[in-house]
Amino acid sequence: MISRFFRPIKEGFYGVGRHAAMSISSASAVTITLLIISIFLIFSFNLQQFTKDVEQSVQIAVMIDYAYEEQSQMDKIGIDIGNIEGVNEVKFSSKEDEFQYYLDGFEDEAQKEVFEPFREDNPMHNAYYVSVEDGSNLKVVADQIAQIEGVDSIDYGGESAVVLVNALNSIRTGGGILAGALSLLAIFLIQNTIKLTIFARSDEIAIMRNVGAKNGFIRSPFLIEGIIIGILGSIIPIMLSVFGYIYLYRIMDGVIISKMFVMIPPHPFVLKIGGILLLIGMAVGLVGSFFSVNKYLRWKR
């Protein structure tokens, strides 16, 4: 008699405990996946920033022919360069500036004095320094500049510069594909864990159907649960990403390996990462739950 009385209570506690365990399992799956995505996002955004810095630093040096040193001729060359599609910025450097830049490359004052007499009969060219909007178009823009009348020579680093820019763009593209794959993995994990929760509550769903509940009414609690699981699963990755990146930035003084690799300042970068992780967690929980519930409801028709 007593055991019969306590059996429903025991089964109720067992059901609650099993449901809580499944929810924790789902949140854990989201947490692990978001941690991987977080590491990738931090790496990807910093790589993207580095790629942009490299593209902006790679310039085309355009040397003007000695026969085109009148101001009107040099202005026309500058205008023609600026009209080329893909050119971002054009800066003029006089032959005097070029000579001074050459001298500044020597640290020894004695070496500078050796070349100082050449200042009067300056052998340097007037020049334009051209930056492009897209580093992958570097060679195309350089070839068009070379066709302009009055251009003596150009220098942009050759094929090595193009290869470097293309390699960085490939890494950036591959990173985006990897992020999408990780998001699909997270949806798959949450879908399977939510599916177990749905089957565990199949009796409740059957009762709701028997009293005339529509699919939307049955589906909504699971969708809300999926969103909550996604939010809970994103808390740890957000905390680790925010405080971890700030700590890493401080101990490395914002530089990776050398000053060529400069990290993105933490603020507001870490807030951006946290917001993205939260949205991904919610989206993964919602989509995973939606697919699981729909599959179950179709199966039970």
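The values are calculated or read from the model by the stated rules, or taken from the named source; none is laboratory data. Note that the coordinates shown come from a computational prediction; the quantities given were computed from them, not determined experimentally. Quick reminder, even Gly has a Cβ in these numbers, built from the backbone with ideal geometry, and neighbours come from all protein chains shown.
With respect to the stated conditions, Ile84 fails to be surrounded by 12 or more Cβ atoms within 10 Å (Cβ to Cβ), touching a residue at least 60 places away in the same chain (Cβ under 8 Å), under 21 Å from Asp152 (Cβ atoms) and in contact with a strand residue (DSSP E or B) (Cβ under 7 Å, 6 or more places away or on another chain).
In the condition set (1) surrounded by 12 or more Cβ atoms within 10 Å (Cβ to Cβ); (2) outside any helix (DSSP H, G or I), Glu107 is compliant with all but (1). Residues that are modelled with pLDDT of 80 or more and either closer than 22 Å to Ala67 by Cα or touching a Cys at 6+ places or on another chain (Cβ under 8 Å) (or both) within segment 103-125 comprise Asp121, Asn122, Pro123, Met124, His125, listed in sequence order.
Could you tell me whether segment 209-220 includes any residue that is in contact with a helix residue (DSSP H, G or I) (Cβ under 6 Å, 6 or more places away or on another chain), modelled with pLDDT under 80, among the basic types (Lys, Arg) and assigned to a helix (DSSP H, G or I)? Taking every residue of segment 209-220 in turn, at least one turns out to be in contact with a helix residue (DSSP H, G or I) (Cβ under 6 Å, 6 or more places away or on another chain), modelled with pLDDT under 80, among the basic types (Lys, Arg) and assigned to a helix (DSSP H, G or I). The requirement of being modelled with pLDDT under 75 and not assigned by TED's automatic domain parsing to the domain that holds Phe92 is not satisfied by Gly135.
For segment 241-264, enumerate the residues that are in contact with a helix residue (DSSP H, G or I) (Cβ under 7 Å, 6 or more places away or on another chain) and assigned to a helix (DSSP H, G or I). Matches in segment 241-264: Ser241, Val242, Tyr245, Ile246, Tyr249. From the list Phe99, Phe118, Phe106, Phe92, the one residue that fits, being in the same structural domain as Val140 (by TED's automatic domain parsing), among the aromatic types (Phe, Trp, Tyr) and within 21 Å of Gln147 (Cα to Cα), is Phe92. Within segment 224-237, the only residue that satisfies the criterion of being among the aliphatic types (A, V, I, L, M) and surrounded by 23 or more Cβ atoms within 10 Å (Cβ to Cβ) is Ile229.
Scanning for something part of a helix (DSSP H, G or I) and modelled with pLDDT under 70, does segment 64-77 turn up at least one residue? I'd like the intermediate steps shown before the answer.
First, pick out the residues of segment 64-77 that are part of a helix (DSSP H, G or I): 66-68, 71-77.
Now restrict to residues that are modelled with pLDDT under 70: none.
Scanning segment 64-77 turns up no residue that is part of a helix (DSSP H, G or I) and modelled with pLDDT under 70.
Only one entry of Gly274, Gly281, Gly288, Gly254 meets the criterion of being over 19 Å from the mean Cα position of the chain (by Cα) and not polar (S, T, N, Q), and that entry is Gly288. Contact map, segment 93-115: first residue without any contact (Cβ under 8 Å) to a residue 12 or more places away in the chain, second residue aromatic (Phe, Trp, Tyr) and surrounded by 13 or more Cβ atoms within 10 Å (Cβ to Cβ), Cβ cut-off under 6 Å, separation 6 or more or different chains; pairs are Lys112/Phe106.
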